[in-house]
1. Looking at this structure, is V272 in a strand (DSSP E or B) and under 27 Å from M93 (Cβ atoms)?
2. Please find, within the stretch 142-155, the residue that is nearest to H81 (Cα to Cα) out of those that are touching an Asp or Glu at 6+ places or on another chain (Cβ under 7 Å) and either basic (K, R) or touching a residue at least 12 places away in the same chain (Cβ under 8 Å) (or both).
3. Hey, does the stretch 330-347 have a residue that's over 29 Å from I183 (Cα atoms), surrounded by fewer than 13 Cβ atoms within 10 Å (Cβ to Cβ) and touching a residue at least 40 places away in the same chain (Cβ under 8 Å)?
4. Can you name the condition, by its number, that R206 falls short on among (1) open to solvent by 30 Å² or more (accessible area, probe 1.4 Å); (2) assigned to a helix (DSSP H, G or I)?
5. Which one of these does P220 not meet: (1) of a type outside the set (A, V, I, L, M, F, W, C); (2) open to solvent by 30 Å² or more (accessible area, probe 1.4 Å); (3) in a loop (DSSP other than H, G, I, E, B)?
6. State yes or no: is A94 over 17 Å from K155 (Cα atoms), under 19 Å from the mean Cα position of the chain (by Cα) and either open to solvent by less than 10 Å² (accessible area, probe 1.4 Å) or touching a residue at least 24 places away in the same chain (Cβ under 8 Å) (or both)?
7. In the stretch 279-313, which residues are in contact (Cβ under 8 Å) with a residue 12 or more places away in the chain, closer than 21 Å to F222 by Cα and surrounded by fewer than 18 Cβ atoms within 10 Å (Cβ to Cβ)?
Amino acid sequence: MEDNIFDQIHDVDLKKTMETSYIDYAMSVIASRALPDVRDGLKPVQRRVLYSMIELNNGPDKPHRKCARIVGDTMGKYHPHGDSSIYGSLVNMAQKWSTRYPLVDGHGNFGSVDGDGAAAMNYTEARLSKISMEMLADINKDTVDFMPNFDETEKEPVVLPSRYPNLLVNGTTGIAVGMATNIPPHNLRETIAAVVKIIDNEIEGRQTEMEELLSIVKGPDFPTGGMILGTSGIEESYRTGRGKIRVRAITDIEPMNNGKNRIVVTELPYMVNKARLIEKIADLVKEKRIDGITDLRDESDRQGMRICVELRKDVNPNIVLNQLFKHTQMQDTFGVIMIALVDNQPKVLNLFEVLNYYLLHQKEVVTRRIKYELNKAEERAHILQGLLIALD
C-alpha cells in the first residue's frame, strides 16, 4: 500500500513549472480576456453579451429585458465566469460617457459620471441599441465562424460580422499580462470615410498614404467632449500606434455682478470622475496650494455638466485656471497604445493597419454572405424547376 503512494510522487523542477504555468496564464489573459479582436473591436465577454442578447431576440424594436436574464444566459451558455464581470461589461456598453456609441440601450440606473455604480442587475433592464444591430447584421448567414462553447453544448461566434469599424469607433481599454491596450473612441463618419478612401484607392490600384487618412480622421472623438491640445500627439499615435494625447476641460470665465469672476466647466476630459475632481479642487484650496477660490459648486443637471468655481475680487481668473489645469485632472493625458489581436496574436497597429485589417474582415463577411444567399437561391430554383416539370 505504502509503495503505491510513493510511486505517485513526481519530482518536478519548480522554476520550469512556474514558468510554464505563468506563460499559460499570461497567454490566456492576452488572447481571451483583456485584448480586443482587430476585426470587431470586442473582448470575448462583450461579444458574448451581445450574442446572448440577439439569441434572446432582445433587439431595439422589442421591449427591454431584465439584465439578470441577459447575464444569466451569457454565464450559463458562453462565459463561465462571475456574474459581476459580465454585468460590469453590459453596464459599460450602456453608459453614454464611457462608450461613444453605446451598444446597449439601458433602462434604469446605470451609474453616473460621478463614479456611482449601476443598480443591481435585478433592478435594471436592457436591450440592444440600433448601432449594435449593425455589429450583429447577417450573423445567421454563415458570415463568421462559430466555435463550441466551454462545455460543447452550444456554438458561439469567433468574431462578429461588425458592419462598421468598432475598434476605432468605440475604442477600448484593457490590461493584460505584460501589455496593455488603450484606444480612444472616434467619430463614426470620419472612420467610415477613411475606410471608403482605402477602398477607392484599392480600386485605383494604389496604396493609401498615411497623409490621406490623417486629413480624414482628424483625431479622437471623446463622448465627454473636451479639447485636445495640439496635433503632434494625435499624429504620432496614428503613425506608430503609440502616443500621448493631452485633453483639457472646456471652461469659460463669467463675470459676476459684484466685480467677481467665476470659472464654469462644461466638459471634462475622457474617463475623469467629476465628483473626485471637485474633491481634489477643494483639497487644493484647503492646503492653500491654490489661492482665491471662495466657492465651489456642482450645478450639473439633466441639461448637461456645469461646475462653478467662484473667485475673489482681487485674483486673476486666468492664473487660477492655469493652476487648476496644472494640479487637477482638468487637463489630462490619454496614453494611446493601439494593441489588438490579429489572428489571435497581439500586435501594435497604426491607423492604416487597423482599418485595413477591418476591411479584409469585411471582404470575407460579404463574400460568405453572398455565397450563402446564392446557395439558398439555387436550392429554391431547384424546387421551382421541379414544380414546373410537375405542372407540365
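1. Criteria not met by V272.
2. Only one residue fits best here, namely N149.
3. no
4. Among (1) open to solvent by 30 Å² or more (accessible area, probe 1.4 Å); (2) assigned to a helix (DSSP H, G or I), the lone unmet condition for R206 is (2).
5. If we test P220 against (1) of a type outside the set (A, V, I, L, M, F, W, C); (2) open to solvent by 30 Å² or more (accessible area, probe 1.4 Å); (3) in a loop (DSSP other than H, G, I, E, B), just (2) comes out false.
6. Yes; evaluated as a whole, the condition is true for this residue.
7. If the condition is that a residue be in contact (Cβ under 8 Å) with a residue 12 or more places away in the chain, closer than 21 Å to F222 by Cα and surrounded by fewer than 18 Cβ atoms within 10 Å (Cβ to Cβ), then S300, G304, R306 are the ones that fit.
This table checks each residue for (1) more than 20 Å from the chain's Cα centre (by Cα); (2) open to solvent by 20 Å² or more (accessible area, probe 1.4 Å); (3) in contact (Cβ under 8 Å) with a residue 12 or more places away in the chain.
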{"residue": "R100", "(1), (2), (3)": "no, yes, yes"}
{"residue": "M121", "(1), (2), (3)": "yes, yes, yes"}
{"residue": "S132", "(1), (2), (3)": "no, no, yes"}
{"residue": "M135", "(1), (2), (3)": "no, no, yes"}
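The values are calculated or read from the model by the stated rules, or taken from the named source; none is laboratory data. Given the structure is predicted, the values throughout are model-derived calculations rather than measurements. Please note: Cβ atoms are built from the backbone with ideal geometry, for glycine as well, and neighbour counts cover all protein chains shown. Quick note on the areas: whole protein, heavy atoms, side chains included, nothing else; ligands and nucleic acids left out. Shrake-Rupley method; radii C 1.70, N 1.55, O 1.52, S 1.80 Å.
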